[in-house]
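Student: Sharing a structure below in structure tokens format, with a few things to ask.
The values are calculated or read from the model by the stated rules, or taken from the named source; none is laboratory data. Since the model is a prediction, treat every value here as computed from it, not as a measurement. In this analysis, Cβ positions are derived from the backbone assuming ideal geometry, glycine residues included, and neighbour counts consider all displayed protein chains. Side chains included, ligands, DNA and RNA excluded: accessible areas come from the protein's heavy atoms. Shrake-Rupley method; radii C 1.70, N 1.55, O 1.52, S 1.80 Å.
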Amino acid sequence: MRIRLRKCSLIVKTFILVGLFMITYMVVELSVSSFSSLEKEDHTRNRWERDLHATEEKVEDLSRPLYIKPPPNPNAPGEWGKAAHLQLNSAEKKMQEESIEKYAINIYLSDQISLHRHIQDNRMYECKSKTYNHRKLPTTSVVIAFYNEAMSTLLRTIHSVLETSPAVLLREIILVDDFSDKVFLKSQLANYISSLERVRLVRTTKREGLVRARLIGATYAIGDVLTFLDCHCECVNGWLEPLLERIGENETAVVCPVIDTIDWNSFEFYMQTGEPMIGGFDWRLTFQWHAVPEQERQRRRSRIDPIRSPTMAGGLFAVSKKYFEYLGTYDMGMEVWGGENLELSFRVWQCGGTLEIHPCSHVGHVFPKKAPYARPNFLQKCINE
Ligand SMILES: *[C@@H]1O[C@H](CO)[C@@H](O)[C@H](O)[C@H]1NC(C)=O
């Protein structure tokens, strides 16, 4: 009996031991398997993250310009759009004065500033964080007419467009030489341009004036949208997408960038960071700036909605090619420059369109010290006809 009892307790003990083993085994197994499944989850999350990055990269690729600016050189004059001041001896000062006399712009200084300088992007943060579906946006041809422009300001304009416009949106830049007589704008310019992709140079055979020169350029355009720029501009990153997106939404919108001032003497880039001004005119049909009226403030839903403007300041705007033709383009009888901006503005409003300024699109413009070239027949024409 005792032996049996002892045997019994031995069997019980063995059972308990085996049981314990099994429980331990199960616990270990469970924890291991849950760990490995965790690891698997980590793997899938990693892959998902990688895919996300890949699509982000693709989006970035579509905003890539045709040419990438060289890295900024903080010691170079004018980098980041800062004012440039040179230490000049008296002979150099004299040359600087001469260039100002000739061009009404400090071209002596412009020649020392990189053609690829970076401009500090101080736009509203909503503008900087906005993303675009580049595949859905219309494409554009940028038309730049010039007459006896200095080389460095003209080339800086061209490089700036090439280096800030997404390659998928920029079909071409069309330069129209309105019968300049400066020697360097002949073969030297043609040679320089020939090394650049998507830039073509058209020359008029007689002096046409800004309006007809632009229209001649437009006839070569293959993009959906015509973007007109002046020949001494610098574009801020992200300037093009807002214009094209708006025209993609509604073809009858004619959209202007905010025109920032580049100082004619120091080349400092003054970015207008707050609410832009809108265009008006006085009874001499001279263009004027006005604050945005309360009614328009109420109509807009956010700070980055386009602002309706009665008139445009001048040479900088984007318009659907089809709508521009529907409007009858510019008045072909216009001479030299001045007035065409108001004429086109009135057409837009009278033909069911809207004229707008987009707060996210910024282009700098050198406003010369004085009118750069004479308009000899300007008033005479007005009186005679
Ligand atoms: C485009 O804008 C015009 C002018 O505001 C408006 O009359 C028209 O309905 C708009 N078209 C579309 C498709 O939104």
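Student: Can you run phi through the Karplus equation (6.51, -1.76, 1.60; θ = phi - 60°) for the stretch 117-124 and list ³J(HN,Hα) in whole Hz, with x for Gly and Pro?
Tutor: Couplings: 4, 7, 10, 4, 8, 9, 5, 4 Hz.
Student: Send over a whole-number figure in Å² for the accessible area per residue of the stretch 166-253, probe 1.4 Å. Mind dumping the intermediate values first?
Tutor: Values: 3400 Å² over 88 residues.
With all protein chains present, the stretch 166-253 gives 39 Å² per residue.
Student: Could you look at the stretch 282-337 and say what percent of its accessible area is carbon and sulfur, using a 1.4 Å probe and all protein chains?
Tutor: Numbers: 1840 of 3420 Å².
For the stretch 282-337, the apolar C and S fraction of the accessible surface comes to 54 percent.
Student: Continuing with the same structure: Please list H362, H85 from largest to smallest accessible area, probe radius 1.4 Å, with all protein chains kept in place. Can you show the working numbers first?
Tutor: Numbers: H362 5, H85 150 Å².
Sorted by accessible area, descending: H85, H362.
Student: List, in order, the whole-Hz ³J(HN,Hα) value for each residue of the stretch 78-95 obtained from phi through the Karplus relation with A = 6.51, B = -1.76, C = 1.60 and θ = phi - 60°; use x for Gly and Pro.
Tutor: x, 4, 6, x, 6, 5, 10, 10, 9, 7, 10, 7, 5, 5, 5, 4, 5, 5
Student: If you take the beta carbon distance between W80 and S195 as r and set R0 to 30 Å, what does 1/(1 + (r/R0)^6) give as a FRET efficiency, to the nearest 0.05?
Tutor: Values: r = 27 Å, r/R0 = 0.89.
Once rounded, the FRET efficiency stands at 0.65.
Student: Calculate, for R64 and T219, the FRET efficiency according to 1/(1 + (r/R0)^6) with r their C-beta to C-beta distance and R0 25 Å; round to the nearest 0.05.
Tutor: Working: r = 29 Å, r/R0 = 1.17.
Efficiency at R0 = 25 Å is approximately 0.30.
Student: Would you work out what percent of the accessible area of the stretch 130-185, with all protein chains in place, is carbon or sulfur (probe 1.4 Å)?
Tutor: Values: 830 of 1570 Å².
About 53 percent, which is the carbon plus sulfur part of the accessible surface.
Student: For S180, enumerate residues with amide H under 5 Å from its amide H, sequence gap 5+ or separate chain, H modeled in the peptide plane.
Tutor: Hits under the 5 Å cutoff: N148.
Student: Relative to the present Cα-Cα distance, how much length would full extension add between E296 and Y270 at 0.36 nm per residue of separation? Working shown, then result.
Tutor: Working: separation 26, 0.36 × 26 = 9.36 nm, distance 2.53 nm.
So the extension gain works out to 6.8 nm.
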